[in-house]
Amino acid sequence: MRSEAVKKRMLWSGVPDRVLILDIEASGLYAGSFPIEIAYADPLKSWVDASLICPDPSWEGHPWDQQIEALTGITREMLASAPPASEVAKKVAEDLSQADLILSDAPVWDLRWLERLLSLNDTPVKLIIKDFQSSLDRFNPLRRYLSTHRCLNIYDKSEHRAGGDVIRLLRVYRRALPIPLWEEQYCPIKKRGFGQGESVLFVPGLPE
């Protein structure tokens, strides 16, 4: 639970109460590509929800980009034992529909893949994703170069895995806002899987 002091500082700075940072990895960068991994987190909590996604049967027939596989390290064999896309879609819709603001460093692509995932639900949820960088600059324009850009320069080392990338953005987010989200009680970050359990394996390995 957020303390009243933190809530007041968030309200004063124009930051919504419930923010989620999102990242999605996909089978490629083309019109028929589909999500293969998703991760998201609330900056005021100490975990990242992350999961690989076993492709839905309706996605079969679309090409698989070998370059993306080499970049992410995610193989078709790994996805075969991951939670099914329909199961992941239900969990993601439940969690993301509670957010006041969803941030991504690639909102156009992530929204496309998110909509494809959520279309598997009986009642699709319409969500809006905002750009991570521009949102932070709006929350704290006076410290744009001192904090936001400085942090991005330090931590902009994409792992091309959804969980690791969300952790990177979380650390930037906590340091960029004019409120002490980086206080000791918020600093630890851990990853947890959902659906059929732990489905993403990585070591954050980022400097504190």
Report summary line: Under the 7 Å Cα-to-Cβ spin-label approximation, Arg76 and Tyr30 lie apart by a distance in nanometres of 1.4
Query raised in the report: Short version: ³J(HN,Hα) in whole Hz for each residue of segment 109-116, in order, from phi by Karplus 6.51 cos²θ - 1.76 cosθ + 1.60 (θ = phi - 60°), x for Gly and Pro, what are they?
Result: 5, 4, 5, 4, 6, 5, 5, 5
Report task. Report the full-extension gain for the segment His160 to Ser86: residue separation times 0.36 nm, less the Cα-Cα distance, to one decimal in nm. Result -> 24.3 nm
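Show me the ranking of peptides 36-47, 96-107 by mean Cβ neighbours inside 10 Å, starting with the highest.
In descending order of packing, they fall as 36-47, 96-107.
Each value in this text was obtained by applying a stated rule to the coordinates, not by laboratory testing. All figures in this text were calculated on a predicted structure; none of them were measured in a lab. Positions of Cβ are generated from backbone atoms using ideal geometry, with glycine treated the same way; all protein chains shown enter the neighbour counts.
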